[in-house]
Amino acid sequence: MVRRSQAQANVAEADTPSSGKRRKVEQQKEGIARPSQDGQPAADTFQPRHDHLWFSDGNVVVAAKGMNFKMHAGILSWNSGVFKVLLDGAQADGGGAETWEGCRVLRVEDDGTSLAELFMVLYDGGRSGFFDWKKSIELFHLREITLLALRYKIQHIVDEAVARLEHLFPTTFTPDRLGVNSFIEGIEDFPVSIVDVEHLVAVIDLARRIDSENPPAFIATALYHCVNLNVRYLFDVIPFDGGAVALSPADRDLCLAKADSMLLYGYVVRQPVTGALEKPLCPNKTCHAALQSVVCKWIRTKAFMDYCPLAAVSVDLEQPSPDHPDRKICKGCKTGLQDAIEQQQRQVFEGLGKLFKISTWPAPIQA
Ligand SMILES: [Zn+2]
């Protein structure tokens with residue numbers, strides 16, 4: 001009994017040394033069950049068993065909800081600090097630990113199907129494609145594995161999920177990946193496929209679950225897109241993968257509060273063009289008329305009232321207005337204005353961390 005208590009203390013200690021007791025309670029809530037059943041033999045024979053993840057030379061039976069696995073303790077411990085603590089605890093229990101046919105038994109409350117996905121990534125990440133960027137992963141799937149990896153503290157899987165999401169929500173200024181809803185375009189080529197625009201909420205939720213106080217930096221770009229989301233998605237509970245996700249009240253308030261900043265930035269990034277109407281950059285009257293057409297188009301299409309200052313604004317300088325195909329911006333003005341717009345957008349982008357209070361954002365945050 002003393003030994004068992006010590007093993008439990010070890011579990012808590014490995015999680016957060018300063019709050020062992022609290023963590024232990026949380027751990028029970030989260031359903032990471034203790035391996036020991038006080039030496040009682042298993043009442044069942046661990047059915048159903050996973051087709052592949054039941055190794056004849058395995059030495060630990062992991063009994064999850066609806067599925068059982070016969071795994072290798074060394075591999076689980078090597079990948080996961082939590083498994084290590086649980087398995088070391090089982091060992092420390094000596095004769096007190098539950099065993100079955102010479103294998104240690106670890107009972108967990110996780111869904112067996114989800115846990116199988118995690119084990120497949122641990123055992124054969126390549127074949128399941130988790131570490132192969134040529135294979136796109138659906139957000140549902142990525143989230144399912146990442147949440148389990150967080151629970152079992154498997155950092156390299158969490159890091160991989162972050163790297164994939166950073167491709168859709170860049171943390172360095174990448175204009176071609178900052179268009180309106182650019183995160184759901186190009187599903188084939190993207191390392192994560194997001195089916196519906198409102199699933200952005202699940203991305204933000206995942207970032208907060210990875211670290212609520214200091215979330216991975218890509219959350220700033222995700223929050224930027226979220227400002228442009230239909231406002232009902234900020235308040236609704238979004239159906240997702242058989243469950244539901246919603247923005248936290250704090251993130252919702254952040255998105256609502258920053259909408260006016262986005263409107264302002266929309267004007268700021270277009271300012272080089274509107275400014276050129278007041279102070280012409282060249283004496284060419286046709287060039288000036290072409291710039292007038294561009295600004296007219298922005299007014300007509302309410303471009304000054306959108307929340308996407310990082311969208312491809314410069315592209316409007318490329319095409320002459322359909323109403324006035326003869327009006328073209330001269331080459332020198334076009335290049336100069338496109339550079340000026342990009343400079344403004346870069347500044348807006350670099351300020352996203354400060355705007356959304358994301359301490360991990362790579363650009364410097366000025367006080
Ligand atoms: Zn010009």
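Just so you know, all these numbers are worked out from the coordinates, no wet-lab data involved. Keep in mind it's a predicted model, so treat the numbers as computed, not measured. Cβ sites come from the backbone with ideal geometry, for glycine too, and all protein chains shown count toward neighbours.
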>> Around ASP196, under 15 Å between beta carbons, what's the net of Lys plus Arg minus Asp minus Glu among the other residues?
In response: -4
>> Using Cβ counts within 10 Å as a stand-in for footprinting exposure, how do HIS141, HIS52 rank, fewest first?
In response: HIS52, HIS141
> Tally Lys/Arg at +1 and Asp/Glu at -1 over every other residue whose Cβ is under 15 Å from the Cβ of ALA207; what's the total?
Replying inline: -1
> Which stretch or stretches of the range 113-145 have amide N atoms under 11 Å from the point lying 7 Å from VAL195's Cα along the Cα→Cβ direction?
Replying inline: 138-141
>> Using alpha carbons only, how many angstrom separate the centre of the range 186-228 from the centre of the range 302-358?
In response: 24 Å
> If you add up the charges near LEU139, with Lys and Arg at +1 and Asp and Glu at -1, over every other residue whose beta carbon is less than 12 angstrom from its beta carbon, what do you get?
Replying inline: -4
> Taking other Cβ within 10 Å of each residue's Cβ, how do ILE299, ILE329 sort, fewest first?
Replying inline: ILE299, ILE329
